[in-house]
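S.K.: Just dropping this structure here.
Quick note: the coordinates plus some simple rules give every number you see, no bench work behind them. Not measured: the values here are computed from a predicted model. As a convention, Cβ positions derive from the backbone with ideal geometry for all residues, glycine included, and neighbour counts pool all protein chains shown.
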Amino acid sequence: MRPIRLDLQGFGSYTGSETFDFTDTDFFALTGPTGAGKSTVLDAMCFALYGRTPRWRVNTTQNAIAPSAVEGRVRLVFAAAGTNYVATRILRRDRNGKVKTTTAALEQLPGGVNPADDGELVEGLGKALAGSPSEVSTAAERVIGLPFEQFTKCVLLPQGEFAEFLHASPADRRKILENLLGHSVYRRVQQLAGAKRDAATTAMKTLEAQLARVPVVSDAEIAAAAERVEQLEKLTEPVRDKATALDGLAAAVETARRRLSEAESNLGSLTYIKQPEGVVDIAAQIASANGAVTEKAAEVEATEAEDDRLRTELDGLDLALIERQIKAWAELGETESKLKTGQELTEELRDQFAEAKELEEAASEEVEIQHASLHKIRMAELAGTLRAGLEVGDECPVCDRPVETVPEHDLSESMQQAEEASRTATNEFRDAQAAVVALQTKLENYEERLTELQLAQRRLKKKLEDVPEPAALQAKRASSEEARQQLAGTGAALKAARRALREAEKRKAAVDERRQRAWKEFQHARDQVAVLGPPAAGDDLAASWANLTDWAAASLERAEAEREAARTELASLDGRAGTLRKELRFALGEFDVDVPRSGTGGDYVGRHAAAVESARAASARLVETRNQRVDLDADTRKYQHEAEIAKALASHLEARRFMEWLLSEALDELVAGATLMLNRITGGQYDLIYRDQDFWVVDHHDADMARPARGLSGGETFAASLSLALALSDQLASLARHGACLESIILDEGFGTLDPETLDAVATTLEALTLSAGRTVGLITHVPELAERVPVRFRITKDAKGSHVEKTWS
């Protein structure tokens, strides 16, 4: 696996969007202060591929999202075996604060997609390999060729453990090697073998207990059971034949019993055929009842005809109309009388009105005379007033001429008389006007009333134009009253006639009912013996009953003979059936088959078939029991064998020499691979050997001198431990299920304790590794001197907003 690009957003300390571009990068360093987020980059790579990291608990994602983020995204573009892939996982925090992976995908990119181009990377996504978190983890293991545990030891190298491994004591080195190689699995195998042994032993004991409860079945028992089945099967045909014969006799017996039952039933029916009492008198009673009904019906018919005639007559005389017409004649006479009186009063009132009118005109003339006289006196009085104080010779106030004489003036009494006369005339004129108005109003009312009476008179006369005179109407009314009285009498007679008719019909119905009942009794008696061919019914009831009773008396003798014959036949058939039942009971009783003393052929066949099936089942159970013992014995031996093998395996794995041998073999292979790697890194200067339970380095530049690992310099120790780590990486990769090809390694170690010369040796070693092994090498360090020797550096810083990355080149 070779990383190409890593995109982070909201993951760990990377709250914002950050991109690590590893394109065309063979040797890079992740630098920055402690806690800046360098190791989080490795966590993100592991999470994108496997959904977990070495620093988290298994399947725990609670701390994967930044505390201030709701969603976290990780996308890793990588190459494996020459093909580019992109792994994406998205996490989301729910309302309860729980973090879950909501989206996961692994896709194979087309060859022409540029991973450094965001737009092309999104638009050019190719073949989908997985679409769920678990599917992505499985597909990533298949593509890379390494499971999670081996990936963390082959790609993310535990170089620091090998530095400790070089200087450890033999006992500590054993523990470290077990941890690095994962040899703890053998302890797990030893534990599983022990558990397998215990489980097999328990199963063996359980089967032994079951085997003890299963009875032993001998060959003789199986043969006896098979013999019983064979003998019972031989009885099948004889039992079937006798059963068939028995069922045939049963049918004949049933027929004989039916004949006997019919004969006894016929005897009973013939015995009870007797003519009811009074049948002979029914005909005379019916004739008498029919005559009474006919007579009463004729009376009702005659009475109804008279009633209809009177009603028709009354329907022609509309009494209400006659009454209205008589009332109209009376109204006409009254109206004409009122009209005559009104005309006379109106004429008198007209005369009074004319006289009042003349008085009004005279009073009007008198008012004018009195008003003129009063005016004259008033003018004279005015002139007198003007003369008051004038002297002879004064200028006249009227004509402006000098006054020659001054006349005498005293008109006060004449003025009072004239005013009194004017008032009297005016009052009389007003009284005359009021009298005229009152008479005129009254006259108008009289004339209006006359008009109404004249209209009423004309209306009544028109209404009575074709109406008879009042005397003729009175005669019609009297005739209608007489017809009504006659109709009341006819109605009473009609009710009495109808009541008598109902009584006659009721008596006739009772007689008819007696006749119908007698006919029903006859039909019922005949139906009881219909199969015997009784005589048919005639029209006469008494004659029909006489013929039936005579026939019944003659048929009794024949029915008694038939009953005796049926009894004889039934006794014979019962005897033959009893013999067959006895033979069947004897044949089946030899095999202890319980059979009924009486029953049908099917009962015996059923009991025999049940006995055959029971015998077959018993035989099969014996065979099954013996087979069960054989199977239980075989299973018991199988679990005993498994327990012995598991016990031996647990014993072998429990032995100390096995683990020592296994670790010794692994250590030899590890040292051989590390020697090749160290020789390649150091340009052939050093070899690594293991002797006397310790590591030695052979320096070919110093006369092949061997020095113990504890005496190595810092740079030499780093080179030796790195060689061991790379050898382990290759060894684990070769043991991987899919034969992984390692294309990159990343060292997550601190180099702060190394001196400048050692740092220079470390840088030289890592640079040589990129050239000699053809791998991408990455390291995590906060030592500036070492970082400056790396051509590509990713500077990681952290502030209040989270971690940030900056890519630089040397």
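S.K.: Kindly state, as a whole number, the per residue volume in cubic angstrom of the convex hull around the alpha carbon atoms of the stretch 1-123.
M.R.: 119
S.K.: Please sort 345-357, 8-20 by packing, taking for each peptide the average over its residues of neighbouring beta carbons within 10 angstrom, highest first.
M.R.: Those peptides, ordered most packed to least, come out 8-20, 345-357.
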